[in-house]
Amino acid sequence: MLVHRVEKRNIVLLLCLAALLCLCAACALPGAQTDRLGDRIVSSPPPVVAIAIITESSASPSPLTLPTPTPEPTPTPEPTPVDALAGYPAGGKYIALTFDDGPHKTHTRAILEILADNDVVATFFVLGRSAQQWPDILREMVADGHEIGNHTYQHKGLSKLSNAQAREQLDRTNEIVLAACGVEARLVRPPYGSMKKSIHTEIPEYTFVTWTIDPRDWETLDTNATIRYVLRRAKDGGIILLHDIKKPTVAAVDPIVKGLLEEGYTFVTVSTLLAILAQREA
């Protein structure tokens, strides 16, 4: 600001000096420019010099005002495992109910109604080829609070595939589930429970889980046998394996759920159960 004021004063001084020089030059001109009017000589008046005077405003120019930046919104922190498990008391009895090989166009919907009537959640390990046929059932699962897992695209045993082939089966199913209902199926139930030991390090973006209670409902097709087996072997931290593509299994779900609720169990998804068990071991 000081530099600008000095420059303005210099310009004023230079203009004044130029004006004085012009006045001096005009006074020194000879009377050759007189006009003769009869016997009278009239001298031409000296030229008039206009002087423009630049005045400096006494008020200092207002400083440049920058707009106040809009503050960035504070990001919402991701829930920690402790936050996610806040509703699950440490001394509770927790169990996960799971279904493989679906979705089935009628049986799965019937099971969803039973689960809704009892206000419990489950985990559905879906086949990609079936999920592709019935995406609306996947959306119902998510809307009801259930978890969707990955059971490969074609029910191929992962132990018989290369890890690259296994990844292709899992990725294809995951993409179908994501397109259908907006969630990813990163939790994997390997068909037949078989997989290579190297799969955990070769395909680390997926979590693999099996089961602890298997009534072999797909083989016996016996509703009562399935109910008895599950109720007798249920224990805290257990994972029940059923198949939602078998009609006799549909009839077994309600008695199993009601029986375990009476014994004080809380049904949770597999991911929640794994988090609870991990917290217990910590």
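Quickly run through the range 248-282 and pick out the residues that are touching a Lys or Arg at 6+ places or on another chain (Cβ under 6 Å) and surrounded by fewer than 15 Cβ atoms within 10 Å (Cβ to Cβ).
So in the range 248-282, the residues touching a Lys or Arg at 6+ places or on another chain (Cβ under 6 Å) come out as 264-265.
Once the filter is applied, which keeps residues that are touching a Lys or Arg at 6+ places or on another chain (Cβ under 6 Å) and surrounded by fewer than 15 Cβ atoms within 10 Å (Cβ to Cβ), the range 248-282 yields only Gly264.
Of the residues that make up the range 193-206, is at least one in contact with a Lys or Arg (Cβ under 6 Å, 6 or more places away or on another chain) and open to solvent by less than 50 Å² (accessible area, probe 1.4 Å)?
Pass one, the range 193-206, residues in contact with a Lys or Arg (Cβ under 6 Å, 6 or more places away or on another chain): 203, 206.
Applying the additional criterion that residues be open to solvent by less than 50 Å² (accessible area, probe 1.4 Å) yields 203, 206.
Checked against the condition, which is being in contact with a Lys or Arg (Cβ under 6 Å, 6 or more places away or on another chain) and open to solvent by less than 50 Å² (accessible area, probe 1.4 Å), the range 193-206 yields at least one hit.
It is to be established whether one or more residues within the range 244-262 are free of Cβ contacts under 8 Å to residues at least 12 places away in the same chain and farther than 20 Å from Lys156 by Cα.
Going residue by residue through the range 244-262, those that are free of Cβ contacts under 8 Å to residues at least 12 places away in the same chain are 262.
So of that shortlist, the ones also farther than 20 Å from Lys156 by Cα come out as 262.
Yes, the range 244-262 contains at least one residue that is free of Cβ contacts under 8 Å to residues at least 12 places away in the same chain and farther than 20 Å from Lys156 by Cα.
Which of (1) closer than 23 Å to Ile111 by Cβ; (2) under 29 Å from the mean Cα position of the chain (by Cα) is the odd one out, the single condition Val250 does not satisfy?
Of (1) closer than 23 Å to Ile111 by Cβ; (2) under 29 Å from the mean Cα position of the chain (by Cα), only one is false for Val250: (2).
Does Thr210 satisfy the condition of being outside any loop (DSSP other than H, G, I, E, B) and either in contact (Cβ under 8 Å) with a residue 12 or more places away in the chain or open to solvent by 60 Å² or more (accessible area, probe 1.4 Å) (or both)? Steps first, please.
Numbers: outside any loop (DSSP other than H, G, I, E, B): no; either in contact (Cβ under 8 Å) with a residue 12 or more places away in the chain or open to solvent by 60 Å² or more (accessible area, probe 1.4 Å) (or both): yes.
Judged against the criteria, Thr210 is not a match.
I'd like the residue in the range 219-247 that is farther than 28 Å from Ser271 by Cβ and aliphatic (A, V, I, L, M) and, out of all such residues, is most open to solvent (accessible area, probe 1.4 Å).
Across the range 219-247, the extreme among qualifying residues is Leu221.
Considering only the range 168-187, I want to know if a residue exists there that is assigned to a loop (DSSP other than H, G, I, E, B), basic (Lys, Arg) and under 22 Å from the mean Cα position of the chain (by Cα).
Pass one, the range 168-187, residues assigned to a loop (DSSP other than H, G, I, E, B): 182-186.
When the remaining residues are screened for being basic (Lys, Arg), the result is 186.
Retained after the next criterion (residues that are under 22 Å from the mean Cα position of the chain (by Cα)): 186.
Yes, because at least one residue in the range 168-187 is assigned to a loop (DSSP other than H, G, I, E, B), basic (Lys, Arg) and under 22 Å from the mean Cα position of the chain (by Cα).
Of the residues that make up the range 165-180, is at least one open to solvent by 30 Å² or more (accessible area, probe 1.4 Å), in contact (Cβ under 8 Å) with a residue 24 or more places away in the chain and under 20 Å from Thr272 (Cα atoms)? Reasoning before the result, please.
Keep residues of the range 165-180 that are open to solvent by 30 Å² or more (accessible area, probe 1.4 Å), which gives 165, 167-168, 171-172, 175, 178-179.
Retained after the next criterion (residues that are in contact (Cβ under 8 Å) with a residue 24 or more places away in the chain): 167, 172, 179.
Checking which are under 20 Å from Thr272 (Cα atoms) leaves us with none.
No, that holds for no residue.
Say whether the condition of being farther than 24 Å from Lys258 by Cα and of a type in the set (S, T, N, Q) is met by at least one residue in the range 95-115. Give the steps one after another, and end with the answer.
Residues of the range 95-115 that are farther than 24 Å from Lys258 by Cα, as a first pass: 105.
In the following step, the residues that additionally are of a type in the set (S, T, N, Q) were identified as none.
No, the range 95-115 has no match at all.
Which ones in the range 119-164 are among the polar types (S, T, N, Q) and surrounded by 15 or more Cβ atoms within 10 Å (Cβ to Cβ)?
Applying the first criterion (among the polar types (S, T, N, Q)) to the range 119-164 yields 123, 130, 132-133, 150, 152, 154, 159, 162-163.
The answer is Thr123, Ser130, Gln132, Asn150, Thr152, Ser159, Asn163.
The values are calculated or read from the model by the stated rules, or taken from the named source; none is laboratory data. In this text the structure is predicted, and so the values were computed from the model without any measurement. Please note: Cβ atoms are built from the backbone with ideal geometry, for glycine as well, and neighbour counts cover all protein chains shown. Side chains are part of the model used for accessible areas, which takes the heavy atoms of the whole protein and leaves out ligands, DNA and RNA. Shrake-Rupley method; radii C 1.70, N 1.55, O 1.52, S 1.80 Å.
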